Amino acid sequence: DGVALFHATHGNLGTASVLDESALSEAWELMAQHKDLDGEEYVVTTPRFILVPPGARSIEARKMVAQVIAGKTQDVNAFAGSLEVIEEPRLFKAGGPQPWWLAADPNLVDTIEYARLEGQTEPFLDQRVGFEVDGVEIKVRHDFAAKALDYRGLFFNAGANPA
């Protein structure tokens with residue numbers, strides 16, 4: 001559609017913030033408003049995964065999904081057990097606030113497609129016995145691609161530094 005994958009027009013871009021109850025509520029509301037391509041029926045895009053870089057964002061995420069025994073109603077963790085935390089070092093952003101993402105269950109909406117070259121289901125492995133050096137040279141190649149198919153199964157928050 002010519003619009004960036006994460007964009008306000010797509011309803012999958014949150015207000016930059018730390019990972020807390022109000023930020024997750026905003027994400028849930030935005031993802032719940034997605035409709036099909038005709039704009040008539042709502043699409044079930046309930047978040048299942050929260051993707052975070054290691055560090056403070058990861059700790060925030062784990063706290064947001066932890067089971068707690070609350071003494072008062074206001075201490076209940078509304079998001080307990082609702083998301084699986086995926087901590088990925090490659091999501092770490094050097095300098096500035098750390099971002100976070102939500103992703104819907106891939107069984108609910110086709111969000112990202114992973115493809116391989118025809119007939120290449122396994123990595124290609126080749127080896128050669130060395131002549132100049134005692135040993136064996138090994139080459140491994142895996143041909144694949146990944147592409148975002150639908151913005152409705154994803155949500156992005158640029159993050160903010162804790163107050």
Inset, instruction - Could you figure out which of (1) within 20 Å of residue 153 (Cβ to Cβ); (2) outside any loop (DSSP other than H, G, I, E, B) isn't true of residue 62? - result: (1)
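Here's the yes/no breakdown for (1) modelled with pLDDT under 90; (2) within 15 Å of residue 27 (Cβ to Cβ); (3) open to solvent by 30 Å² or more (accessible area, probe 1.4 Å):
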| site | (1), (2), (3) |
| --- | --- |
| 48 | no, yes, yes |
| 54 | no, no, yes |
| 63 | yes, no, yes |
| 67 | yes, no, yes |
| 82 | yes, yes, yes |
| 94 | yes, no, yes |
| 97 | no, no, yes |
| 115 | yes, no, yes |
Inset, instruction - Could you please let me know if residue 138 is surrounded by 10 or more Cβ atoms within 10 Å (Cβ to Cβ) and in contact with a strand residue (DSSP E or B) (Cβ under 9 Å, 6 or more places away or on another chain)? - result: no
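For (1) farther than 14 Å from residue 102 by Cα; (2) β-branched (Val, Ile, Thr), each residue gets a yes or a no:
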position	(1), (2)
29	no, no
32	no, no
36	yes, no
39	yes, no
45	no, yes
72	yes, no
75	yes, no
78	yes, no
87	no, no
Inset, instruction - Determine which member of the set 26, 21 is among the acidic types (Asp, Glu), surrounded by 12 or more Cβ atoms within 10 Å (Cβ to Cβ) and more than 16 Å from residue 111 (Cα to Cα). - result: 26
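Where in region 81-131 are there strands (runs of 3 or more DSSP E), lying wholly inside it, with at least 2 residues that are under 20 Å from residue 147 (Cα atoms) and out of contact with any Leu (no Cβ under 8 Å at 6 or more places or on another chain)?
Strands (runs of 3 or more DSSP E) meeting the threshold: 112-116.
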Inset, instruction - Being open to solvent by 100 Å² or more (accessible area, probe 1.4 Å) and assigned to a strand (DSSP E or B) is the filter; apply it to region 141-163 and report the residue that is nearest to residue 30 (Cα to Cα). - result: 147
Legend entry - Count of residues meeting criterion [at pLDDT 90 or above and part of a loop (DSSP other than H, G, I, E, B)] in region 1-18: 12
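The values are calculated or read from the model by the stated rules, or taken from the named source; none is laboratory data. Owing to the predicted nature of the structure, the values given are computational and were not obtained by experimental measurement. Counting neighbours? That spans all protein chains shown, and the Cβs are built from the backbone with ideal geometry, glycine included. For the accessible areas, the whole protein counts, side chains as well, though only heavy atoms, and no ligand, DNA or RNA atoms are used. Shrake-Rupley method; radii C 1.70, N 1.55, O 1.52, S 1.80 Å.
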